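The values are calculated or read from the model by the stated rules, or taken from the named source; none is laboratory data. Worth saying up front: this structure is predicted, and the values here are computed from it rather than measured. All Cβ positions, even for glycine, are placed from backbone atoms using ideal geometry, and neighbour counts span all protein chains on display.
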Amino acid sequence: MILGPVVDVRPADGSADPLGQGRLFTGDAATVAALGATYVRAWQTAGLLPTLKHYPGHGSASTDTHDGLGLTPPLAELLAWDLVPYRELAGSGAAVMVGHLDVPGLTDGVPASRSAAAITLLRGELGWGDALVMTDALGMGGVGMSLTDAAVASLAAGVDVVLFTDTGQAGAVIDAIEAAVDDGDLDEEQLTASAVRVARELAAHGRPCTAMA
């Protein structure tokens, strides 16, 4: 699996992107979509699963989400610019990473990584349906809550995979997910659907899940 390509679109007004690390393609939304498609096809040819990021678009966000919650332009502007690559690459077989981005008119103060409205837009209007969807790392400054709470909230919003770099917290995250199911805060059928998507990708890339005693 590859956590790329980055399909964030540089600001239309030519200002610097908030990531500031040379990670973004140069060009308008259509150019970014075309370049992203080339990377997706190439990595798929090599047997890898590409992951578009950072949905719904980090290019014009107010800050680097490693540091804090990024505020994007309103949804209507994103649909005409930042979300173009996601619309164009729907059905490509790639996965999608959701950023810690607040979109006026869509998430309204909540990071997209734990916004059911953002996931519904991605899977519905933008055409990503049954694709694998994951969060950006949940230890980033833009999350605004504990890792365990963010993991549960993201899964409840419809994300399939929660990503975090502190692997020592894996047990605590699993315990929090199990407790949320027991308490009725997480839908077991929804989690099963996510597990099926994960298993599908593992099998497609030669690493099928196997039963363990």
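How about segment 4-58: which of its residues are buried (at least 17 other Cβ atoms within 10 Å of the Cβ) and in contact (Cβ under 8 Å) with a residue 60 or more places away in the chain?
Result: Val7, Asp8, Val9, Leu49, Thr51, Lys53, His54, Tyr55, Pro56.
Against the condition in contact with a Leu (Cβ under 9 Å, 6 or more places away or on another chain) and at pLDDT 95 or above, how does Ala112 come out, does it pass?
Values: in contact with a Leu (Cβ under 9 Å, 6 or more places away or on another chain): yes; at pLDDT 95 or above: yes.
So Ala112 passes the test.
Yes or no, residue by residue, for (1) aliphatic (A, V, I, L, M); (2) assigned to a loop (DSSP other than H, G, I, E, B); (3) over 23 Å from Pro18 (Cβ atoms):
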| residue | (1), (2), (3) |
| --- | --- |
| Trp128 | no, yes, yes |
| Thr148 | no, no, yes |
| Ile174 | yes, no, yes |
| Val196 | yes, no, yes |
| Leu202 | yes, no, yes |
| Gly206 | no, yes, yes |
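Would you mention how many residues in segment 82-98 are surrounded by 19 or more Cβ atoms within 10 Å (Cβ to Cβ) and in a helix (DSSP H, G or I)? Explain how you work it out, then say what you get.
Taking segment 82-98 first, the residues surrounded by 19 or more Cβ atoms within 10 Å (Cβ to Cβ) are 82-86, 88-89, 94-98.
If we keep only those that are in a helix (DSSP H, G or I) too, we end up with 84-86, 88.
So the answer is 4.
Within segment 163-177, is there a residue that is surrounded by 14 or more Cβ atoms within 10 Å (Cβ to Cβ) and under 22 Å from Gln44 (Cα atoms)?
Taking segment 163-177 as the starting set, the residues that turn out to be surrounded by 14 or more Cβ atoms within 10 Å (Cβ to Cβ) are 163-164, 169, 172-173, 176-177.
Adding the requirement that they be under 22 Å from Gln44 (Cα atoms) leaves 163.
The answer is yes; a qualifying residue exists.
Between a first residue in segment 80-100 that is more than 26 Å from Ala204 (Cα to Cα) and a second residue that is among the hydroxyl-bearing types (Ser, Thr, Tyr) and surrounded by 22 or more Cβ atoms within 10 Å (Cβ to Cβ), which pairs have beta carbons less than 6 Å apart while being 6 or more apart in sequence or on different chains?
Filtered contacts from segment 80-100: His100/Thr65; His100/Ser113.
Can Leu48 be described as farther than 13 Å from Pro5 by Cβ and either among the hydrophobic types (A, V, I, L, M, F, W, C) or part of a loop (DSSP other than H, G, I, E, B) (or both)? Full working, then the answer.
On the way: farther than 13 Å from Pro5 by Cβ: no; either among the hydrophobic types (A, V, I, L, M, F, W, C) or part of a loop (DSSP other than H, G, I, E, B) (or both): yes.
It is false that Leu48 is farther than 13 Å from Pro5 by Cβ and either among the hydrophobic types (A, V, I, L, M, F, W, C) or part of a loop (DSSP other than H, G, I, E, B) (or both).
So, in segment 34-61, how many residues would count as being of a type in the set (Ser, Thr, Tyr) and modelled with pLDDT under 95? Break it down stepwise before answering.
So in segment 34-61, the residues of a type in the set (Ser, Thr, Tyr) come out as 38-39, 45, 51, 55, 60.
With modelled with pLDDT under 95 added as a condition, the list becomes 60.
Summing the residues that are of a type in the set (Ser, Thr, Tyr) and modelled with pLDDT under 95 in segment 34-61 gives 1.
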